[in-house]
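> Before anything else, here's the structure in question.
None of the figures in this text is laboratory data; all of them are computed from the coordinates on show. Keep in mind the model is a prediction, meaning the values are calculated, not measured. For neighbour counting, all protein chains shown are included, and Cβ atoms are generated from backbone atoms with ideal geometry for every residue, glycine included.
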Amino acid sequence: MVQPRSTYPVNLLVDYPDRELNKSTTFFRLIIALPILVILGLLIGTSASQDGGDGPRYQYAAGGLVFLSTVLMLLFRQKYPRWWFDWNLALVKFVTRVFAYLLLLRDEYPSTDEEQAVHIEVPYPDVRRDLNRWLPLIKWLLAIPHYIVVLFLGLAALACVLLAWFAILFTGRYPRSLFDFVVGLLRWWLRVAAYAFLLTTDRYPPFSLRA
């Protein structure tokens, strides 16, 4: 029986690699990923702070996302500048591709701009119709139950990735059940991030791994 697709306005799909994966790059995945991790770190570090010469560094973003500025724009102007949204979405897509690579979901090296096999849907919001101007002040707090659940599921996902690492080395395949669980967790966290940090929807994220 086909499960109905969620109507939540944020979704993540990763194409299942229905082929033999590269055992060598799987074995050395953390080492091979170092260059793209350095690029990601520089990108997030540069976008998340502003150096005032010899003075302090002022935070205006959260993990590279344009966050505090967006909160203020939604609060006082009820506006989400499209280029801020495009930046946030592009960064989230890049981060997700890197994590998909680290979690062995794909063995293509993460692109900084191409979609590859990681598909993310986050619609641009109609701010005045769909977003409450006051909620951005407390969304991060309302999402605390999700943080707790995702933390424990994340531990389970790490165990799944370790099992998948051995499975790929011996069989060349990522067990489908483990793959679906790890992707489901990424999907769950994306929805929480869209709600609490991207601020693109006021619909509370479902407690679900499903697409």
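> Against the condition more than 19 Å from the chain's Cα centre (by Cα) and assigned to a helix (DSSP H, G or I), how does residue 129 come out, does it pass?
When the stated conditions are applied, residue 129 passes them.
> Quick test for you: out of 147, 109, pick the one residue that is part of a loop (DSSP other than H, G, I, E, B) and among the aromatic types (Phe, Trp, Tyr).
Exactly one residue qualifies, and that residue is 109.
> Testing residue 157 on (1) surrounded by 15 or more Cβ atoms within 10 Å (Cβ to Cβ); (2) closer than 15 Å to residue 193 by Cβ, one condition comes back false. Which one is that?
(2)
> Within the stretch 170-181, identify whether any single residue is over 16 Å from the mean Cα position of the chain (by Cα), of a type in the set (Ser, Thr, Tyr), buried (at least 22 other Cβ atoms within 10 Å of the Cβ) and assigned to a loop (DSSP other than H, G, I, E, B), and answer yes or no.
yes
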